[in-house]
Amino acid sequence: MKTIHFAMSLLFCTMFLTGCVQTNVIDDVNIATGIGIDKSGDQLLGSIMIPVFKPDKSFGNFTFSAKGTIMRDLMTEIQKKASQPIVSGSLDLAFFGEDVAREGINQIVEVFLRDPSVGARIHLAVVDGKAIDIFKGRYGDRGNAAYLAQLLEHNIEGENLPLTNLHQFLASLSQKGKDAYLPLLKKTHSHLVNITGIALFKDDKVVAILPENKMFYFKLLVDKHTRGSVKVKDKDEESTVQSITSKNKIRLVSRNPYKFAVHMKIKGILTEHKERTLKKGEVHKIEKHLEKQVVVECKKMIENFQKKEIDPAGFGHIAKSKTRNFDFNKWNESYKSARFQVTADVNIIEVGVVK
C-alpha cells in the first residue's frame, strides 16, 4: 500500500515539474550553431549560422546577419529577419573577426556568460578576415558547424593547438598574471578552412599573432601535447618526430631579479627520416637535436612575449602563488627583466618502419 501511495505522489509531482520546463519543437525554431562578430564601419556586423536539414537527409546552411552598435541590437535585428525564433542552446562556435578582436571582445564574451543556454565549452576563434565569410562556406557533408567544431577538436586532441574554449578563455581573462589566446582561422577555399596560428591577447585585445610553425613549441609551454608533430633539422638531414605525450614544469627559482626554470619532457615517435635504416646512435642524436631545438625556440618565444608585455604561459600567476604580498604593479616591470632557464628532455620510444 505504501508503494502505491509513493508512486501516486511521484506521478503528481512530475505533472507539476514538467509544466516548469520551457520546451521547443525542433521544427518550430531556428537552431543557432555558430555566431560571428565582425566590424562594419563604426558598427558591429553579427552573423548567425543555422543548419538546414534537407528532405534527402543532407545538410545545408543558412546565415542571418545584421548590424548594430551593441550585441543586444544585433540579436534583436537578426530575430526580426527570422520567420521562427532563433535559439542558442546548441551553439558550438563563436568567431571574431581580427579587426573586432584587436579592439577588445570582453563585452561580447560577457553576453555568452550571462546566457544560461550557452555552454562553457563552445569553441572560440579569431578569424583572419571576416567571420561571416567562413560561415558562408560549404564544408564537409555534415554541415558547417560540425566541420568547424571537429577541425578545432581534432587539432586540440591530436595536433599542435592548445586547449581553448569559452571556459578557458574567460578564466585567463579574469586571472591576473596570465594572458589569453585563441586559434586563428583563415578561409583558404570555398570548402576549406585552415588554422594559421594563435592570436595572443593582452587583457581582451589581440596584440600579436603567433605563426603556425611556432605552435608546437607554444603548446609545450602552455598545455600538454598529444600526437603533435615537429620537424627536427640538423644540417642537411631532416626528421619528423610525433609527440605522444609531453608535460612542462615551471619553477620560480629566485626573485630580484625574477628567475624561472622551465623544463619540458617529451615522449615521441620517429615517423619520418631521410635514410631507410638508422645508423647506430642516430636516434640519440635526433633526441639531442630536438632538445636543443625546443630550448632555442621556447626561449626565443618567451623573450618575444616579454618585449610585447604579454604572458600566455602564466609566469606572473606562478610568481604570485609563490610570493607573499605580491604586487602586480611591480610585476609588470619585473617581468621585462625576468630571466628564464629552459631545458628539455626528449625520449624517442619508437622509430617505426625506419628501424
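Assorted remarks:
- At most 14 other Cβ within 10 Å, DSSP loop - chymotrypsin sites (Phe, Trp or Tyr not before Pro), segment 182-247: none
- Global geometry of segment 123-164, whether rounded, prolate or oblate, following the gyration tensor of its Cα atoms and the 1.5 cut on a/c: oblate
- Calculated log₁₀ intensity ratio I(q)/I(0) where the Debye formula runs over C-alpha points of segment 200-355, q = 0.08, 0.09, 0.11 Å⁻¹: -0.28, -0.34, -0.49
- Computed from backbone phi, the HN-Hα couplings of segment 302-315 come to 4, 4, 5, 4, 4, 4, 8, 6, 10, 9, x, 7, x, 5 Hz, rounded to whole numbers (Karplus: 6.51 cos²θ - 1.76 cosθ + 1.60, θ = phi - 60°; Gly and Pro given as x).
- Relative contact order of segment 85-146: 47 percent, from C-alpha pairs under 8 Å at least 6 residues apart in sequence.
- Greater than 29 Å apart at Cα, pairs in 186/308; 80/205; 249/307; 178/274; 233/330; 130/247: 80/205; 178/274; 233/330; 130/247
- Normalised per residue, the volume of the convex hull around the Cα set of segment 47-179 (Å³): 128
- Contact order, relative form, for segment 196-322: 22 percent (alpha carbon pairs under 8 Å, 6 or more residues apart, mean separation divided by residue count).
- Mean shadow area of the chain, taken as a quarter of the surface of its Cα convex hull (nm²): 27.3
- Percent carbon-and-sulfur accessible area, the chain, ignoring ligands, DNA and RNA, probe 1.4 Å: 51
- Whole-Hz couplings from phi, Karplus 6.51/-1.76/1.60, listed for segment 177-188; x for Gly and Pro: x, 8, 9, 7, 8, 9, x, 9, 10, 9, 7, 9
- Once backbone amide H atoms are built at 1.01 Å from N, residue 40 has 45 as its partners under 5 Å, excluding neighbours fewer than 5 places away on the same chain.
- Its Cα gyration tensor gives segment 184-224 an equivalent ellipsoid. The semi-axes, each the square root of 5 times an eigenvalue, are 21, 15, 8 Å from largest down.
- With Cα atoms, 0 to 90° folded angle of helix 2-18 axis to the chain main axis: 90
- Computed 3J(HN,Hα) for segment 320-333, one whole-Hz value per residue from the Karplus formula 6.51 cos²θ - 1.76 cosθ + 1.60 where θ = phi - 60°, is 5, 5, 10, 10, 6, 6, 5, 10, 5, 5, 6, 4, 4, 7, glycine and proline marked x.
- Distant-in-sequence amide contacts of residue 345, defined by a placed amide H-H separation under 5 Å and a gap of 5 or more residues or a different chain, comprise 264, 265, 266.
- Counting only aspartates and glutamates at least 8 places from residue 54 when in the same chain, those with an alpha carbon closer than 16 Å to its own are 27, 28, 141.
- Structural descriptor for the chain: relative contact order 13 percent, calculated from alpha carbon pairs under 8 angstrom and at least 6 residues apart.
- Accessible surface calculations at 1.4 Å, restricted to protein heavy atoms, place the chain at 56 Å² per residue.
- Cα-only Debye scattering, segment 36-99: base-10 log of I(q)/I(0) at q = 0.18 Å⁻¹: -0.70
The values are calculated or read from the model by the stated rules, or taken from the named source; none is laboratory data. None of the values given here were measured: they were computed from a predicted structure. So basically every Cβ, Gly included, is an ideal-geometry build from the backbone, and we count neighbours across all protein chains shown. Just so you know, the surface numbers come from the protein's heavy atoms only, side chains and all, with ligands and any DNA or RNA stripped out. Shrake-Rupley method; radii C 1.70, N 1.55, O 1.52, S 1.80 Å.
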